[in-house]
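The values are calculated or read from the model by the stated rules, or taken from the named source; none is laboratory data. Bear in mind that the values here come from a model prediction, so they are computed numbers and not experimental data. As a convention, Cβ positions derive from the backbone with ideal geometry for all residues, glycine included, and neighbour counts pool all protein chains shown. Each accessible area value is taken on the protein alone, full model and side chains, heavy atoms only, with ligands, DNA and RNA left out. Shrake-Rupley method; radii C 1.70, N 1.55, O 1.52, S 1.80 Å.
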Amino acid sequence: MEDEQSFSDICGGRLSLQRRYYSPTCREFCISCPRLSLRSLTAVTCTVWLAAYGLFTLFENSMILSAAIFITLLGLLGYLHFVKIDQESLLIIDSLGIQMTSSYASGKESTTFFEMGQVKDVVINEAIYMQKVIYYLCILLKDPVEPHRISQVVPVFQSAKPRLDCLIEVYRSCQEVLAHQKATPASA
Amino acid sequence: MVLKAFFPTCCAAADSGLLVGRWVPEQSSAVVLAVVHFPFIPVQVKALLAQVHQASQVGVAVLGTWCHRRQEAEESLDHFLEGLGAIFFHEPWLQLCRERGSKFWSCKATRRQGPGRPGAPCEDQVMLVFYDQRKVLLSQLHPPAALPDRPAGDAAAGAGGLAAVFDTVARSEVLFRSDRFDEGPVRLSHWQSEGVEASILAELAKRASGPVCLLLSSLLSLVSAASTCRLLRLWPLPFLWSKLSTCGQLRHRLEQLALVFSTQKAENPTQLMRKANVLISVLLDVALGLALLSWLHRKDRIGQLAEALVPVADRVAEELQHLLQWLMGAPAGLKMNRALDQVLGRFFLYHLHLWISYIHLMSPFIERILWHVGLSACLGLTVALSILSDIIALLTFHIYCFYVYGARLYCLKICGLSSLWRLFRGKKWNVLRQRVDSCSYDLDQLFIGTLLFTILLFLLPTTALYYLVFTLLRLLVVAVQGLIHVLVDLINSLPLYSLGLRLCRPYRLAAGVKFRVLEHEAGRPLRLLMQINPLPYGRVVHAYRLPSCGCHPTHSWGSLCRKLFFGELIYPWRQRGDKQD
């Protein structure tokens with residue numbers, strides 16, 4: 001069962017949240033970030049090339065122009081492959097674990113999976129970010145030796161940064177699955 | 001808890017039969033390892049499972065039945081399969097069924113005795129997780145860095161359900177040895193059932209490695225015995241060996257080769273990776289060294305180098321002479337104390353003159369020496385770079401001497417100044433109490449002390465300037481040597497085999513797993529595909545870094561500045577194991 005809703009992130013940009021409900025114990029949430037805008041790309045390319053042309057008129061060396069083209073291309077490829085995240089998704093499967101995936105604009109995907117035994121809870125935390133107070137969803141992981149201690153806090157949707165209304169939707173669904181998991185503990 | 005059935009993708013097209021694998025009760029998961037096909041005799045199946053259990057210490061059992069319906073309405077097969085539940089008892093009993101041409105499966109897991117209601121059978125919900133058996137067998141899980149205050153054994157136990165799956169598949173290798181061409185009593189389906197994979201080259205290499213390792217390790221022990229012989233322990237030689245970085249590098253390489261060619265088998269995969277990394281690193285080193293050697297000998301570059309060496313040394317000496325003349329005049333407009341300036345300047349000039357004469361004396365032999373030294377590049381590029389660093393150190397020995405003279409003079413002056421400054425204020429350093437105490441001096445003591453203090457203070461700028469100039473030169477040489485050492489360190493410690501493995505066979509080095517939800521239909525069990533999440537390159541380098549020579553700077557920036565200010569000698573590139581000064 002699929003569902004799509006649009007929300008906004010902390011800077012006011014538009015995000016779209018896709019919810020997939022595979023079964024009562026398995027849900028997936030995908031947040032798609034706004035794509036790379038043509039305007040900003042053109043602006044950056046023009047600036048770099050104007051600067052290169054200025055240097056060329058100063059030094060009369062045509063290598064500067066080809067170097068500028070190389071730098072622009074490599075910079076764009078590097079940006080698309082390492083920096084620009086297109087979509088972030090959270091897959092929660094009861095009794096298996098929670099998986100976070102970030103897909104970059106070049107198609108690269110980076111995935112992290114936490115087993116259910118490690119997950120203590122999923123909460124919404126408040127934080128001071130620059131001059132704002134923002135909310136973010138995070139997964140609390142527990143220490144295998146001391147189950148009452150929290151060993152790590154892993155923030156989710158770090159580059160999409162959705163607002164509280166979107167986070168509440170995700171939080172409610174996650175808590176339903178986690179409650180289901182806590183209600184049926186592991187059989188010995 | 002939902003029951004997780006880990007099913008190998010290779011068995012998804014197999015004929016109907018029995019599911020054989022391991023049940024992990026803590027995770028409520030069933031790891032299916034193989035499918036036993038009809039016809040079979042139950043006694044023989046049980047015997048095979050007992051054999052596998054003994055060989056691999058994995059609790060393999062019959063977990064349930066697998067039904068792959070090729071035609072419509074095979075009800076007789078269903079009844080037959082249900083009857084098998086009575087022969088092979090397992091709690092819970094798994095029944096997987098697949099229709100021909102359909103992607104969706106039906107799964108049932110029944111328990112004879114449900115919780116709280118003895119005697120009444122109950123069904124569990126089943127989740128199917130497909131996994132690639134070959135990749136899971138060959139991969140090695142790298143859990144995130146364990147905390148230092150915990151023993152390593154705990155980490156493995158607490159790692160969770162997925163580590164158990166990997167462990168089960170890895171240890172059940174003995175089950176996968178039979179393929180469909182074997183004439184055994186039982187017909188199995190698993191990833192190697194189409195034919196066991198093997199490579200002739202790998203088998204030959206394994207057979208040959210035994211005697212080759214024996215031969216090479218005996219040769220290496222001979223070499224290391226020769227290097228520790230009594231002749232080489234006569235006094236000036238150990239001092240020289242410790243100062244030359246080439247000897248350190250050669251010793252390091254010898255140790256590494258001894259590790260690689262030792263006749264002991266590697267106990268765990270980490271040791272095997274280390275051996276492989278060392279071998280590839282040594283081979284690359286030797287290859288680069290041979291390339292350098294061929295480049296040097298082409299067009300007689302060694303001769304050109306030798307011819308250029310003496311004029312370069314002359315040029316450096318000339319520049320130093322100009323520098324000293326400049327210092328003896330009015331450097332940067334500062335006014336020096338004429339007499340001290342002349343003394344120091346003439347002293348250093350004479351030293352320089354001696355050095356130049358020495359270089360000119362050596363010049364006929366330089367080409368021969370360089371040629372023989374160039375041959376050592378066949379031992380590896382790192383050895384050649386270490387020799388280069390040592391040659392630079394030898395050629396700039398006069399700069400080192402000047403630095404030591406300047407530093408000692410400056411240090412003496414600073415010590416004298418600080419002690420006389422205390423006298424000037426009426427205090428004294430109490431050696432017993434290790435602190436500054438007040439002291440009443442006699443008049444003549446005060447008079448002489450103040451006089452000496454004034455003299456030292458006004459001579460300070462001259463000495464300080466010489467010290468500054470020579471320290472800067474020395475730091476320049478040290479920086480160049482440091483760069484070469486960093487390069488040598490890089491070649492020594494980079495784990496090339498692991499990086500190559502990560503590039504070509506990413507499933508071998510696993511950081512974890514990732515799941516993908518396959519097509520789902522309401523009412524059918526959830527199907528997931530488990531894939532291996534490879535280790536990022538940074539973690540590969542961090543985990544498999546080879547130990548390097550240990551030439552790290554022992555000072556922090558703060559202590560370095562402090563030592564420079566007080567005129568203490570700095571030795572930035574100490575070898576590991578040297579006594580601290």
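Which order do the peptides B:290-299, B:133-142 come out in when sorted by mean C-beta neighbours inside 10 angstrom, highest first?
B:133-142, B:290-299
Could you please state how large a percent of the accessible area of the stretch B:184-323 is carbon and sulfur, counting protein chains only and using a 1.4 Å probe? Write out the running numbers ahead of the final one.
On the way: 6370 of 9400 Å².
Answer for the stretch B:184-323 is 68 percent, counting heavy atoms of protein chains only.
Could you quote the convex hull projected area for the protein assembly as shown, Cα atoms only and averaged over all directions, in nm²? Don't skip to the answer; put the middle values down first.
Numbers: hull surface 209.2 nm².
Here the figure is 52.3 nm², rounded to one decimal.
Within 10 Å of each Cβ in A:108-116, how many Cβ atoms from other chains are there, averaged over the peptide?
For peptide A:108-116, the averaged partner shielding equals 4.
Would you mind working out the accessible area per residue for the stretch A:38-82, using a 1.4 Å probe, and quoting it in Å²?
Using a 1.4 Å probe on heavy atoms only, each residue of the stretch A:38-82 averages 80 Å².
Indicate the residues belonging to the stretch A:146-188 that lose 50 Å² or more of solvent-accessible heavy-atom surface (probe 1.4 Å) upon moving from the chain alone to the assembly of all protein chains, ignoring ligands and nucleic acids.
Checking the loss per residue gives A:SER187.
Just the number, please: carbon plus sulfur as a percent of the accessible area of the stretch A:38-82, 1.4 Å probe, no ligands or DNA/RNA counted.
80 percent
Would you work out if the stretch B:202-309 is rounded, prolate or oblate? Take a ≥ b ≥ c from the square roots of the eigenvalues of the alpha-carbon gyration tensor; rounded if a/c is under 1.5, else prolate when a/b is larger than b/c, oblate otherwise.
oblate
Sorted by mean Cβ packing within 10 Å, highest first, what order do the peptides B:273-283, A:64-74 take?
With the highest mean Cβ count within 10 Å placed first, the list reads B:273-283, A:64-74.
I'd like the orientation of helix B:301-328 relative to chain B: the angle between its Cα long axis and the longest Cα principal axis, in ° from 0 to 90, rounded to 10.
Roughly 50 degrees, rounded to the nearest 10.
List, in the order given, every pair from A:LYS142/B:LYS108; A:LYS108/A:LYS161; B:LYS4/B:LYS108 whose Cα-Cα distance in the structure shown is over 22 Å.
A:LYS142/B:LYS108
Can you give the accessible area per residue of chain B, in Å², using a 1.4 Å probe?
Solvent-accessible surface per residue comes out at 57 Å².
Cross-link candidates for B:LYS243: which aspartates and glutamates have Cα within less than 15 Å, leaving aside residues fewer than 8 places away along the same chain?
Hits, sequence-local ones excluded: B:ASP390, B:ASP578, B:ASP581.
By the gyration tensor of its Cα atoms, with a ≥ b ≥ c the square roots of the eigenvalues, what is the shape of the stretch A:38-82: rounded for a/c under 1.5, prolate for a/b over b/c, or oblate?
Numbers: a/c = 4.23, a/b = 1.75, b/c = 2.41.
Oblate shape, in that a/c is at least 1.5 and b/c is the bigger or equal ratio.
With every protein chain present, what accessible area does B:CYS504 have (1.4 Å probe, heavy atoms only), rounded to the nearest 10 Å²?
90 Å²
To the nearest Å, what is the center-to-center distance of the stretch B:316-332 and the stretch A:138-188, using C-alpha atoms only?
Rounded to whole Å, the Cα centres lie 71 Å apart.
Of all accessible surface on the stretch B:363-519 at a 1.4 Å probe, what whole percent is carbon and sulfur?
Roughly 72 percent, rounded to a whole number.
Helix B:161-171: angle to the longest alpha-carbon principal axis of chain B, degrees 0 to 90, nearest 10?
Here the helix axis deviates by roughly 80 degrees.
Work out the mean other chain Cβ neighbour count within 10 Å for the residues of A:16-27 and drop it here as an integer.
Working: counts 0, 0, 0, 0, 2, 1, 7, 10, 1, 4, 7, 1.
Per residue, the average neighbour count from other chains is 3.
Can you compute the FRET efficiency between B:THR454 and A:THR57 using 1/(1 + (r/R0)^6), with r the Cβ-Cβ distance and R0 = 56 Å? Round to the nearest 0.05.
Given R0 = 56 Å and the Cβ-Cβ separation, E is 0.35.
In the stretch A:79-107, which residues give up 10 Å² or more of accessible area once the other protein chains are added, compared with their chain alone (1.4 Å probe)?
So the qualifying set is A:LEU91, A:ILE93, A:ASP94, A:SER95, A:LEU96, A:GLN99.
Which of the trypsin sites (Lys or Arg not before Pro) across the stretch B:330-397 are loop residues per DSSP, with 10 or fewer other Cβ within 10 Å?
For trypsin sites (Lys or Arg not before Pro) across the stretch B:330-397 that sit outside H, G, I, E and B with at most 10 neighbouring Cβ atoms in 10 Å, the list reads B:LYS335.
Can you give the % of DSSP beta bridges in chain B that are antiparallel, to the nearest 5?
Numbers: 36 of 57 bridges.
Roughly 65 percent of the beta bridges in chain B run antiparallel, per DSSP.
Once you average over the residues of B:512-525, how many Cβ atoms of partner chains fall within 10 Å of each Cβ?
That average works out to 4.
Would you please put A:134-142, B:256-264 in order of how densely packed they are, using the mean number of other Cβ atoms within 10 angstrom per residue and starting with the highest?
Ranking, from highest mean packing down: A:134-142, B:256-264.
I'd like the Karplus ³J(HN,Hα) series for the stretch B:538-548: coefficients 6.51, -1.76, 1.60, θ = phi - 60°, whole numbers in Hz, and an x wherever there's a Gly or Pro.
x, 6, 4, 5, 5, 6, 10, 4, 7, x, 9
For A:LYS120, enumerate residues with amide H under 5 Å from its amide H, sequence gap 5+ or separate chain, H modeled in the peptide plane.
It is A:LEU140, A:LEU141, A:LYS142, by chain and number.
In the full protein assembly as shown, how much of B:ASP442 is accessible to a 1.4 Å probe, in Å² to the nearest 10?
Answer for B:ASP442: close to 90 Å² accessible.
Solvent-accessible area of A:PHE56, probe 1.4 Å, all protein chains present, reported in Å² to the nearest ten, please.
Per-residue accessible area (A:PHE56): approximately 50 Å².
Give me the summed buried accessible area for the B-A pair, 1.4 Å probe, to the nearest 100 Å².
1800 Å²
Checking the cross-link filter: which lysines have an alpha carbon closer than 16 Å to that of B:LYS413, excluding same-chain neighbours under 8 positions apart?
Within reach: B:LYS563.
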